[in-house]
């Protein structure tokens, strides 16, 4: 399914309410993007995640989302951590099971806009493992722009690197390591990542096309030192928005099977790019479970002034498969 812009969000089955709606609040106004596009939208149960690190904007957004959701149906709030969302995901899993809905007849709409990268991966894997992958609808609202100078990094350094739980494979120490990084606006973080992991080979995924034409080349400029170090011939283009295209591109680059060069390599992927790219990475992973691992690199320091401004377009990334 190609990515489609949503000017309004309605029930997947005409006037029949979606079984579940999932969203997350943070300090960015775009976390309200899909909710502001509700057009006769109904659900039987909503889940509102919010993170432990909150500022005044986060509190305002949580209250706004509560107000909108409470007018439609029951909402369960789940406090969680952006760095370690496992406890929150476990609670969500338990509550989802209590609903006693069946995969064949259910619709679960998830707004991934404000979810952290690790949170997205764990949430998708949980829903998938419960048999609801064919029931899931994913939406995402992009930012209109960023407040801070885009040539100042969003973060710097690496506090720790760990494998995302559930996305590990058995790495053989005798094999060489191939590292693939989805680059974003965190050049210092990506640079520190390569230095810490010290791979034998590195591939750098550049988002193209960018969300906005005027953003083209920004990722390359913010990662210019790393690109110069690794070399232009190790750059690959990865769609910034179309998660299905991301999965297709990965399947062409990382070819598994008899006689594949990857049979003699360990492969590690680190998503520092867009959230739709993270969804595409999950699509590729579920077709290649256990063949590579996904790692998460926690930044040492975050540039608090680097925040998005406004609400851009809202996109339908994944539609339920009810064929």
- Item | Projected label distance in nm at residue 8 and residue 145, using a 7 Å step from Cα toward the beta-carbon | 3.0
- Taking only C-alpha pairs under 8 Å that are 6+ residues apart, what is the relative contact order of the range 155-302 in percent? 39
- Query: Ranked from highest to lowest mean number of other Cβ atoms within 10 Å per residue, what is the order of the peptides 272-285, 127-140?
  - Reply: 272-285, 127-140
- Degrees between helix 187-197 axis and first principal axis of the chain (Cα, 0 to 90, nearest 10): 60
- Note on the structure: For residue 288 and residue 224, extending 7 Å from Cα along the Cα-Cβ vector and measuring point to point gives, in nm, a value of 3.2
- Note on the structure: Computed over the chain, the relative contact order (Cα-Cα under 8 Å, seq sep at least six) in percent reads 25
- Note on the structure: 1/(1 + (r/R0)^6) with r = Cβ-Cβ of residue 66 and residue 214, R0 = 35 Å, i.e. FRET efficiency to nearest 0.05, evaluates to 0.50
- Message: I want to check the label-to-label distance for residue 57 and residue 129. Put each point 7 Å from Cα in the C-beta direction and report it in nm to one decimal.
- Response: 3.4
- Query: What's the angle, to the nearest 10 degrees (0 to 90), between helix 56-70's Cα axis and the longest principal axis of the chain?
  - Reply: 50
- Query: Roughly what % antiparallel, to the nearest 5, for the DSSP beta bridges in the range 155-302?
  - Reply: 25
- Note on the structure: Helix 86-98: inclination vs the chain longest Cα principal axis, degrees, rounded to 10, gives 40
- Item | Computed [θ] at 222 nm, deg cm²/dmol, the chain (DSSP H ≥ 4; -39,500 (n - 2.57); rounded to nearest 500) | -8000 deg cm²/dmol
- Peptides ranked, highest mean first, by Cβ atoms within 10 Å: ranges 87-96, 19-28: 19-28, 87-96
- Message: I'd like the antiparallel share, as a percent to the nearest 5, of DSSP beta bridges with both residues in the chain.
- Response: 30
- Note on the structure: Rounded to the nearest 5, the percent of DSSP beta bridges in the range 1-152 running antiparallel is 5
- Message: Translational diffusion coefficient of the chain at 37 °C, 0.692 mPa s, Stokes-Einstein with Kirkwood Rh over Cα pairs, in µm²/s as a whole number.
- Response: 162
- Query: How long are the three semi-axes of the equivalent ellipsoid for the range 155-302, computed from the Cα gyration tensor as the root of 5 times each eigenvalue, in whole Å, largest first?
  - Reply: 22, 18, 15
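Every number in this text was worked out from the coordinates using simple rules, so none of it is lab data. Everything numeric in this text was worked out from a predicted model, so none of it was measured. Note that we place each Cβ from the backbone using ideal geometry, even for glycine, and neighbour counts take in every protein chain shown.
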